[in-house]
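Below is one structure, written out as structure tokens; comments come after it.
The values are calculated or read from the model by the stated rules, or taken from the named source; none is laboratory data. The model shown is predicted, which means the values in this text are computed figures rather than measured ones. Quick note on the areas: whole protein, heavy atoms, side chains included, nothing else; ligands and nucleic acids left out. Shrake-Rupley method; radii C 1.70, N 1.55, O 1.52, S 1.80 Å.
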Amino acid sequence: MRHATFSELLAEHRDRVYTRALYSLRDARDAEDVTQEAFLRLWRQGAEVPDDRVGPWLAHVTRNLCIDQCRRRAAARRHL
């Protein structure tokens with residue numbers, strides 16, 4: 001993926017991804033981590049994602065990352 005294209009996608013979708021993660025996780029740091037990981041995955045797999053599906057793809061990835069984060073939290077609580 002070209003750097004300019006990625007920068008445009010980042011600017012277009014960053015707030016939506018962060019807001020979705022914050023709503024799900026209720027923690028700003030975790031939401032930032034999920035947002036960063038979602039865009040890292042987009043950077044790595046962006047060539048495989050059609051341009052018209054980037055938004056839904058990011059929403060799906062963000063949802064899955066939030067679920068993973070909630071599972072990690074639950075596991076940490078069980079060990080404490």
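Per-residue SASA remark: Asp33, around 90 Å² accessible (1.4 Å probe; ligands, DNA and RNA not included). Calculated accessible area for the chain comes out at 73 Å² per residue, all protein chains present (probe 1.4 Å; ligands, DNA, RNA ignored). Sorted largest first by accessible area at a 1.4 angstrom probe radius, with every protein chain in place, the residues Thr62, Thr5, Thr19 fall in the order Thr19, Thr5, Thr62.
Computed on protein heavy atoms with a 1.4 Å probe, the accessible areas place His60, His79, His3 in the order His79, His3, His60, largest first. Eigen-decomposition of the gyration tensor built on the alpha-carbon atoms of the chain gives equivalent ellipsoid semi-axes of 26, 12, 10 angstrom, largest listed first. Phi-derived couplings, Karplus 6.51 cos²θ - 1.76 cosθ + 1.60 at θ = phi - 60°, listed residue by residue for the range 53-69: 10, 4, x, x, 5, 5, 4, 5, 5, 4, 4, 5, 5, 5, 4, 4, 5 Hz, with x used for Gly and Pro. Against the criterion of solvent-accessible heavy-atom surface with a 1.4 angstrom probe, Asp27, Asp51 sort, most first, into Asp51, Asp27. Could you let me know the centre-to-centre spacing of the range 47-80 and the range 5-23, using Cα atoms, in angstrom? Answer, in whole Å: 14. If I compute solvent accessible area with a 1.4 Å probe over the protein chains, what percent of it on the range 35-80 is carbon and sulfur? Taking all protein chains in place, the range 35-80 shows 50 percent carbon and sulfur surface.
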